[in-house]
Amino acid sequence: MNLIAVALATAAWLAPIPGALVEQDFSPPTKAWGAGHRGVDFEADPGTEVLAIGSGEVIFVGEIAGKPVVVIDHPTIGLRSTYEPVTAIVEVGQEVRSGDPLGETAETGGHCAGHCLHLGLKGPGKNDYRNPLSIITHGSAVLKAPKT
Ligand SMILES: [Zn+2]
């Protein structure tokens with residue numbers, strides 16, 4: 001491993017919205033196409049700046065099922081992070097680093113429209129959903145909203 005690879009592998013993984021509360025936890029389906037929550041929702045008003053959780057390359061910007069989505073590939077860990085709904089300021093092919101702005105939360109699109117950001121983490125397979133909170137460092141102060 002060269003010095004750059006070491007730097008990338010040890011880089012911090014950040015919350016996409018610093019200090020944001022978790023509105024809904026990760027709850028993977030028991031079957032591949034079953035009901036579940038394939039990511040984590042962070043509380044966010046529309047227009048909240050969304051940051052890259054780690055370094056990588058933007059591999060998708062566009063709509064999936066009516067939701068504006070940004071996807072970043074993280075080759076150092078072999079996983080991809082997804083952010084929705086996000087009005088992007090980045091383009092496919094762009095390299096980003098931990099904490100770089102990707103865009104703002106949108107008012108429309110999916111179960112997070114107007115009140116949260118859905119963050120997903122997938123890989124190495126297309127349908128291998130992982131808990132994004134498992135790699136976000138404690139330093140980024142992920143807080144859980146009280147259960148009501
Ligand atoms: Zn969600």
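The values are calculated or read from the model by the stated rules, or taken from the named source; none is laboratory data. A quick note: this is a predicted structure, and the numbers were derived from the prediction, not measured. Virtual Cβ from ideal backbone geometry, glycine too; neighbours counted across all protein chains shown. When the accessible area is computed, the model is the full protein with side chains, heavy atoms only, and any ligands, DNA or RNA have been set aside. Shrake-Rupley method; radii C 1.70, N 1.55, O 1.52, S 1.80 Å.
Measuring nothing but protein heavy atoms, the accessible surface of segment 3-137 at 1.4 Å probe radius is 54 percent carbon and sulfur. The aspartates and glutamates whose alpha-carbon is closer than 16 Å to the alpha-carbon of Lys126, local same-chain residues fewer than 8 away aside, are Asp73.
Charged side chains reduced to their Cβ positions (Lys and Arg at +1, Asp and Glu at -1) give segment 3-137 a dipole of some 600 debye around its Cα centre. Given the convex hull over the Cα atoms of segment 3-137, what projected area results after averaging over all orientations, in nm²? Seen from a random direction, the Cα hull of segment 3-137 projects 7.5 nm² on average. Under the definition of Cα pairs under 8 Å and six or more residues apart, what whole-number percent is the relative contact order of segment 3-137? Answer for segment 3-137 is 28 percent. Per residue, segment 26-148 exposes 52 Å² of accessible surface when a 1.4 Å probe is rolled over the protein heavy atoms with every protein chain present.
Please list, by residue number, everything in segment 69-83 whose backbone N is under 12 Å from a paramagnetic label point 7 Å out along Cα→Cβ of Ala32. No residue qualifies, since no backbone N sits under 12 Å from the label point. Selection among Ile135, Phe42, Leu14 by position relative to the dipole of segment 3-137 gives Ile135 as farthest towards the positive end (Cβ unit charges, Cα centre).
Within the shell of other residues whose beta carbon sits under 11 angstrom from the beta carbon of Gly93, the net charge comes to -4, with Lys and Arg scored +1 and Asp and Glu -1.
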